[in-house]
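Note sheet for the following structure.
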Amino acid sequence: MRISRALFNAMVAHAREEAPNECCGMVAARDGEAVEVYPTTNAAASPLRFEIDPDEQIRVHSEIEAAELELGAIYHSHTRTEPRPSQTDINFAAWWPGVLWIIVGLANGEATVQTWSIDNGQVSEAQLDVE
Amino acid sequence: MSGSHPVTRRHALARAIGVGGLVVGGSAAPQLVDPSRSWGAAPAETDGQLVYATMAVELLVIAIYERVIASGKLSAAHGVLADRMLSYERVHARVLGSELRTLGVAEPPSLGHASSSSLDAILVSKQVPESVAQISNESEALALLIKIEEVAEGAYYHAIARLTDSRLALRSAQIMAAEAQHRTILSEARNPGHIDFAVPVAFVQGRG
C-alpha cells in the first residue's frame, strides 16, 4: 500500500495522543493507495488492547462506501511492545479478511511503524510505501 | 371474593388477559415484576445472550455465503452481488463482536471451517430445507441465500423485542433492515423480470 507522508504522520500523531493507551483507526484506500485516515475511539481505552467503537465502525464504513473507496487497513498502536501482531491481533484479524494491519510501535519513545498481512492466522510483513 | 386480597385478584386478571406488570409479595413490600418471568415462562434472555445469538446467526450467514460463492453456481454478476453482501455480513459480525466484547461476553465460534453436513444440520434446525452440500444450480444457490437472510431477519426480530439496551436494539434494527434489503435484491435476482416476487413486505418478521 502507498500512503502520503501526511496520512502516515496522522496515524503516528494519533498513536502519540492516545498513549499510554492503544489507538486505533481505519484507512480507506483506492487501487492500493491510502486516501483517508479515520481515527476512531478505542472503546477498550486500554494500553493492552483496542476495540474500535461500534458506532464509529458503522459511521466510517458508511463514509468509505459513500466515497466509493475500500477499507484498506486497520491501524493501531503498541505502546509497550514492538509493532508486531499479538495473538489478540491475529485472532481479531479473522474478522477483517483482506485488510492490512498497520501497527505503530511506541515502546522506546520513537515511533516505529510496521505493516502486516494476517490471513487465516498466517502473519507476513507487508509493504507500506510512504510517499 | 373478599376485598382483602387485591394481589390475588390482580394476579388472576393479568393471568387472564396475559398482559401487564404484576404486584407480588406481601402487602408491606409490593414489587413490580416482568410478567414474562412468571408462571413458568422462559426466563428473560440477557442482552449478552441476545447479541450472542444474533452474532451466531451472522456467522452462519457468512459461512453460507462463503459456501455458495465457492460452489461456483452463481453467475458472474450475481457472484459480485453475493461478494458485496458477504462483505456487509462481515461488517455486521465485526460490530456485534465489538458489542459482545464490550458486554464481556465471548464471541460464538466461527463456522468458517464447519463441514457442509454440520451447516446443513444447523439449517434444518432453522427450518431451512435447502442444503449447502447440494447446490446444483444458481436458482438453488439464490434460494439458499434468500432463506438464510430470512433466518437473520428472524434472529434480529426476536432480539429487538427483548433487548433492554435501546442502543443495542437500534443496532439490531439497522442490521435487520440491511438483511431485508439483501433478501429483496436476492429475490429479484432469482426471479428476474418478476418484480412482484421482490416487493418488500410491509412488516418484516423473518424466519426462525
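Values quoted throughout were computed directly from the atomic coordinates according to the rules given, and no laboratory measurement underlies them. Note that the coordinates shown come from a computational prediction; the quantities given were computed from them, not determined experimentally. Note that we place each Cβ from the backbone using ideal geometry, even for glycine, and neighbour counts take in every protein chain shown.
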Query raised in the report: How do A:VAL123, B:VAL68 rank when sorted from fewest to most other Cβ atoms within 10 Å of their own Cβ?
Result: A:VAL123, B:VAL68
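Could you line up A:ASP31, A:ASP129, B:ASP47 from fewest to most neighbouring Cβ atoms inside 10 Å?
A:ASP31, A:ASP129, B:ASP47
Among residues other than A:GLN114 whose Cβ falls under 10 Å from its Cβ, what is the net charge (Lys/Arg +1, Asp/Glu -1)?
Once positives and negatives cancel, what remains is -1.
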**Report entry** In segment A:28-131, trypsin sites (Lys or Arg not before Pro) in a DSSP loop with at most 14 other beta-carbon atoms within 10 Å
**Finding:** A:ARG80
**Report entry** segment A:84-131-segment A:1-61 distance, computed between alpha-carbon centres (Å)
**Finding:** 12
Query raised in the report: If you average the sequence gap of Cα pairs under 8 Å that are 6 or more apart and divide by the length of chain A, what percent do you get for the contact order?
Result: 25
Query - Exposure proxy ranking, count of Cβ atoms within 10 Å, fewest first, for A:TRP101, A:TRP96 - result: A:TRP96, A:TRP101
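Averaged over B:98-110, how many beta carbons belonging to a partner chain fall within 10 Å of each residue's beta carbon?
Counting Cβ atoms of other protein chains within 10 Å of each residue's Cβ and averaging gives 2.
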Report task. Quickly estimate the mean residue ellipticity at 222 nm for chain A, helices only: each DSSP H run with n ≥ 4 gives -39500 (n - 2.57), and the total goes over all residues, rounded to 500. Result -> -8000 deg cm²/dmol
Requested in this report: Can you grab the distance from the C-alpha centre of segment B:74-112 to the C-alpha centre of segment B:160-204, Å, no decimals?
Outcome: 16
